[in-house]
Amino acid sequence: MKSACVSRTVLTLVLVGMFGGVWLLGGCGSETAKPKPGPQPSAPSSEGPASAKPIAPEPPPPQPTPGPEKPAAEPKPSTPAEKEKPEEKAPPGKEEKPAPAPEEKEKPSAPPSTPTQPKQEPSPATPPAEKPAAAGAEDRSPTAKVSSYAPAEDLEAQMEQYLKDFQDAVASEDAFKEAEGKISKDANTLIVMALALGLHDQQNKYQKAAPALIAAAKQLTSVKDLNSAKKAIEALTTAASSQGDPSSLKWEKAAKLEELMKAVPLISNKIKDSSLTAARLEKRGKDYAGYAAVLAVIAQGSLPNADETEKPTEVAKWQQFCLQMRSAAAELNAAIRAKNAEAALKANAKLRQSCDDCHAVFHTKQEASKQ
């Protein structure tokens, strides 16, 4: 019995010893065999359980890689730092994004420069300041509006006066003889007056009658006796109340230049400097304004008559003198209408000077005969 118990005890101890050894060998080999199978006995001693444990838990969160790759984490102790570096680089990357943002801010700054260009464009729009100059140049042109140098109201009053004077001229034989030398001059003057009223930019009493008035006045320029004068003046009176179409009218040679030039001194002598006082302008300003308007119309109507001058080829010079006379007469008309005696005197002097300048070039024979 004792021997049996002893043998069992020995067997038990042997089994315990064997299991203990197996347990010790299996526990150490299980951790080492997995990471480094094969002939790497030094790996377990160099790694050490303490170093393997702290490194192993940290990589799994960032890397879902399986356990066998854990040993790679050992040569990559810098990988966590590198992962942290990209995290640090991410903020700089974010800082780089704001960098383009300022570029976009600079782009809006560029468009504001574009609106400034349209703002600078209005400055060239200062040509409105040139418009007055253009208007002044237009007033000096042959095609200027008639109202700029001869108001329709003044021409209407003069037309009525001329028609009345013609009626008086044929009232008797004596009246005709007295007015005979003046009828042709007045008839040619009436032609340019009717032309101006027909082309006028202001509506007037004789606008539609202008074509018939021009035709009748041309017949009146060649009368030789009382009977022919009566017939022509009767036709002229009838034409004054006619209703024609003035759209066919234009500024062209319609009156005789010689007769117009003879009419100028007859009219201008009615506007003497002594008459241009405040009191006289208040009393007879309407008549004086009408005389100035007629002189302006004569200048305008003479523009196409350069071929009747002593120098028919000097068309540009002739027109320049005509426009100079028209401008002075228009200035005189405006000053009289404004009852400005001082301005009227200056304008009247300009008007006389324009005639003298023209005669010095285009009427040398006439000036020589005066001397």
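Go through the stretch 146-178 and give me each residue that's surrounded by 15 or more Cβ atoms within 10 Å (Cβ to Cβ) and basic (K, R).
none
Could you grab the pairs with beta carbons closer than 6 Å, sequence gap of 6+ or different chains, first residue in the stretch 240-258 and farther than 28 Å from H359 by Cβ, second one among the hydroxyl-bearing types (S, T, Y) and surrounded by 11 or more Cβ atoms within 10 Å (Cβ to Cβ)?
From residues that are farther than 28 Å from H359 by Cβ, there are no pairs.
Restricting attention to the stretch 199-214, which residues are part of a loop (DSSP other than H, G, I, E, B) and under 27 Å from D225 (Cβ atoms)?
Across the stretch 199-214, the qualifying residue is only A209.
Would you be able to tell me the number of residues in the stretch 136-165 that are under 17 Å from I214 (Cα atoms), within 47 Å of the chain's Cα centre (by Cα) and free of Cβ contacts under 8 Å to residues at least 12 places away in the same chain?
Residues that pass the stated criteria total 1.
Among the candidates D174, D168, which residue alone is within 22 Å of P265 (Cβ to Cβ) and free of Cβ contacts under 8 Å to residues at least 60 places away in the same chain?
Answer to the selection: D168.
When you scan the stretch 313-325, do you find a residue that is small (G, A, S), without any contact (Cβ under 8 Å) to a residue 40 or more places away in the chain and buried (at least 23 other Cβ atoms within 10 Å of the Cβ), even just one?
No: the stretch 313-325 contains no residue that is small (G, A, S), without any contact (Cβ under 8 Å) to a residue 40 or more places away in the chain and buried (at least 23 other Cβ atoms within 10 Å of the Cβ).
Within the stretch 305-332, track down each residue that is closer than 21 Å to N188 by Cα and either of a type in the set (D, E) or in contact with a Pro (Cβ under 8 Å, 6 or more places away or on another chain) (or both).
Listed by number, the residues that qualify are A306, D307, E308, E310, Q319, L323.
Return only the number of the condition from (1) in contact with a Ser or Thr (Cβ under 7 Å, 6 or more places away or on another chain); (2) of a type in the set (G, A, S); (3) assigned by TED's automatic domain parsing to the domain that holds A299 that A212 does not satisfy.
Of (1) in contact with a Ser or Thr (Cβ under 7 Å, 6 or more places away or on another chain); (2) of a type in the set (G, A, S); (3) assigned by TED's automatic domain parsing to the domain that holds A299, only one is false for A212: (3).
Quick check on this structure: which one of L199, L220, L195 is more than 37 Å from the chain's Cα centre (by Cα) and either modelled with pLDDT of 95 or more or β-branched (V, I, T) (or both)?
Result of the check over L199, L220, L195: L220.
Looking at T237, T221, T189, which one is surrounded by fewer than 16 Cβ atoms within 10 Å (Cβ to Cβ), β-branched (V, I, T), touching a helix residue (DSSP H, G or I) at 6+ places or on another chain (Cβ under 8 Å) and not assigned by TED's automatic domain parsing to the domain that holds V297?
Answer to the selection: T237.
Quick one: which of Q207, Q243 is touching a Pro at 6+ places or on another chain (Cβ under 8 Å) and outside the structural domain of A330 (by TED's automatic domain parsing)?
Q207
When you go through (1) surrounded by 15 or more Cβ atoms within 10 Å (Cβ to Cβ); (2) more than 19 Å from Q202 (Cβ to Cβ) one by one for G181, which number turns out not to apply?
For G181, the failing item is (1).
For the stretch 270-308, name all the residues that are among the polar types (S, T, N, Q) and at pLDDT below 95.
S274, S275
Just for the stretch 230-280: of the residues that are touching an Asp or Glu at 6+ places or on another chain (Cβ under 8 Å) and part of a helix (DSSP H, G or I), which one is farthest from S172 (Cα to Cα)?
Filtering first and then ranking leaves L257.
The values are calculated or read from the model by the stated rules, or taken from the named source; none is laboratory data. Every value quoted in this text rests on a predicted model; they were computed, and no experiment measured them. Please note: Cβ atoms are built from the backbone with ideal geometry, for glycine as well, and neighbour counts cover all protein chains shown.
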